[in-house]
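Below is one structure, written out as structure tokens, with a few remarks after it.
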Amino acid sequence: MRSRLPPLNALRSFEAAARNGSFKDAANELYVSHSAISHQIKSLERHLGVELFVRKSRSVELTKQGKMYYPVIRDAFDRIADSTELLLSPMKADILTITLYSTFAIRWLIPRMPSFYARHKDIQIRLNTSQMDVDFLHDDVDLCVMIGSPDASDLHYDYLFSSEMYPVCSPALLTRNEPLNGPADLAAHTLLQVYPSDRDWRAWIRAHKLEDTLDPNSGLQFDSYDHALSTAVQGMGVALGMQPYIDRDIKSGYLVEAFPGARVAAPGEWYLVCRRDRARSEKVCHFRDWLQEQIIADPALHRDPARILQ
């Protein structure tokens, strides 16, 4: 209920004190006295009915309740600050906000960005990384790169490419006692799972009829392909590789394809997505054209001719 919202000044004092770990530093940041910060936080604690800080002689520490509350308040203030900046700068049409998967950003897109800036010096790119699909109704995002299917009528989809999946590992792993002569041999190895994309390993296992032999969730769990592939380079298990994540490690010899010829089509296709009413925006069109050029120029990426013509 809105009536339960604490006073704004008390929340500002709490956020500053929690971030700085000090009432004194919070007071200096907010240009108030130390006692004013202490008073505001005591008022907030009375309002909430919980203690937020453990007071020490020279510092303060968040209590369990304080640690739960702080990230929420910090994010709320960050969103207010960002929204205020956008509100006060309505003419900044040169800012293009894009959400995409972190591994795609790190391993493929960012190394190519200088060519975009060389061509479009007037467009500022803001990259957000997330494993979750964008909610265009509520998220302040111009574009996103996603794996899926074009199933929302209010969104515009541009097909980018299709991926294949295949197990990869360190060359050193192939020389150890446990063989990797065929897919069934994975039962003796640690699988490296990306849990936000757990359907990928499951699809590969299902295609090779190994559901009764392999459990992809029995190995190590990661929140991104970048972490899983980096762990595979260390020889700690077998990861699932796919374009566009894997080309660099394969070419460098850090990783090898465990079973050549055992590739499986990845679930879903890669799309560039935006709201339908923004599809012809100049900055969106500039980025779309540049991205398509980069994809066409990458020989490791497969584009389905039937989907290109859709």
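Could you give me the residue pairs with C-beta distances under 9 Å whose first residue belongs to the stretch 33-62 and is under 19 Å from Leu5 (Cα atoms) and free of Cβ contacts under 8 Å to residues at least 24 places away in the same chain, whose second residue is among the charged types (D, E, K, R) and part of a loop (DSSP other than H, G, I, E, B) wherever it lies, and which are 6+ apart or on separate chains?
Close Cβ pairs satisfying both conditions: Glu45/Glu51.
For the stretch 300-310, enumerate the residues that are open to solvent by 90 Å² or more (accessible area, probe 1.4 Å) and at pLDDT 85 or above.
His302 - this is the single residue of the stretch 300-310 that is open to solvent by 90 Å² or more (accessible area, probe 1.4 Å) and at pLDDT 85 or above.
Mind telling me which of the residues Leu96, Leu100 ends up being open to solvent by less than 30 Å² (accessible area, probe 1.4 Å), in contact with an Asp or Glu (Cβ under 9 Å, 6 or more places away or on another chain), under 25 Å from Arg126 (Cα atoms) and at pLDDT 90 or above?
Going through Leu96, Leu100 in turn, just one is open to solvent by less than 30 Å² (accessible area, probe 1.4 Å), in contact with an Asp or Glu (Cβ under 9 Å, 6 or more places away or on another chain), under 25 Å from Arg126 (Cα atoms) and at pLDDT 90 or above: Leu96.
Here is a yes/no grid of residues against (1) open to solvent by 40 Å² or more (accessible area, probe 1.4 Å); (2) polar (S, T, N, Q):
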residue	(1), (2)
Gln124	yes, yes
Asp133	yes, no
Leu137	yes, no
Val145	no, no
Ser149	yes, yes
His156	no, no
Phe161	no, no
Tyr166	no, no
Leu180	no, no
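Restricted to the stretch 244-262, and to residues that are open to solvent by less than 30 Å² (accessible area, probe 1.4 Å) and among the aromatic types (Phe, Trp, Tyr), which residue is farthest from Lys121 (Cα to Cα)?
By that ranking, first place goes to Phe259.
Return yes or no: is Arg278 touching a strand residue (DSSP E or B) at 6+ places or on another chain (Cβ under 6 Å), of a type in the set (D, E, K, R) and modelled with pLDDT under 90?
No: the conditions fail for Arg278.
Need the failing condition index for Phe53 against (1) more than 14 Å from Arg12 (Cα to Cα); (2) aromatic (Phe, Trp, Tyr); (3) loosely packed, with under 15 Cβ neighbours inside 10 Å, just the number.
Going through (1) more than 14 Å from Arg12 (Cα to Cα); (2) aromatic (Phe, Trp, Tyr); (3) loosely packed, with under 15 Cβ neighbours inside 10 Å one by one, Phe53 breaks only (3).
Of the residues Ala265, Ala232, Ala297, which single one is open to solvent by less than 20 Å² (accessible area, probe 1.4 Å) and either within 25 Å of Ala172 (Cα to Cα) or among the aliphatic types (A, V, I, L, M) (or both)?
Ala232
Scan the stretch 63-77 for residues that are part of a helix (DSSP H, G or I), surrounded by 14 or more Cβ atoms within 10 Å (Cβ to Cβ) and free of Cβ contacts under 8 Å to residues at least 24 places away in the same chain and jot them down.
Gln65 - this is the single residue of the stretch 63-77 that is part of a helix (DSSP H, G or I), surrounded by 14 or more Cβ atoms within 10 Å (Cβ to Cβ) and free of Cβ contacts under 8 Å to residues at least 24 places away in the same chain.
Take the conditions hydroxyl-bearing (Ser, Thr, Tyr), over 27 Å from Pro305 (Cβ atoms) and without any contact (Cβ under 8 Å) to a residue 12 or more places away in the chain and apply them to Thr190. Does it pass?
no
This table checks each residue for (1) closer than 27 Å to Asp298 by Cβ; (2) in a helix (DSSP H, G or I).
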position	(1), (2)
Val168	yes, no
Asp185	no, yes
Trp204	yes, yes
Met236	no, no
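Of the conditions (1) closer than 16 Å to Gln131 by Cα; (2) open to solvent by 40 Å² or more (accessible area, probe 1.4 Å); (3) among the charged types (D, E, K, R), Asp212 fails just one. Which one is it?
The number of the failed condition is (1).
Can we say Ser224 is among the hydroxyl-bearing types (Ser, Thr, Tyr) and over 15 Å from Ala172 (Cα atoms)?
So Ser224 fits the description; yes.
What are the pairs with Cβ atoms under 7 angstrom where one residue, in the stretch 1-27, is more than 11 Å from Leu52 (Cβ to Cβ) and open to solvent by 10 Å² or more (accessible area, probe 1.4 Å) and the other, located anywhere, is assigned to a loop (DSSP other than H, G, I, E, B) and modelled with pLDDT under 90? Sequence gap at least six, or different chains.
That search, which allows pairs on different chains as well, returns Gly21/Ser59; Ser22/Ser59.
Go through the stretch 268-293 and count every residue that is among the aliphatic types (A, V, I, L, M) and open to solvent by 30 Å² or more (accessible area, probe 1.4 Å).
Of the residues in that region, 0 qualify.
Only one of these is of a type outside the set (Val, Ile, Thr), closer than 23 Å to Asp298 by Cβ, under 27 Å from the mean Cα position of the chain (by Cα) and not in a helix (DSSP H, G or I): Asp200, Asp158, Asp151. Name it.
The unique qualifying residue is Asp158.
The values are calculated or read from the model by the stated rules, or taken from the named source; none is laboratory data. Everything numeric here is computed off the predicted structure, so don't read it as measured data. Every residue, glycine as well, gets a Cβ built from its backbone with ideal geometry; the counts of neighbours run over all protein chains shown. Quick note on the areas: whole protein, heavy atoms, side chains included, nothing else; ligands and nucleic acids left out. Shrake-Rupley method; radii C 1.70, N 1.55, O 1.52, S 1.80 Å.
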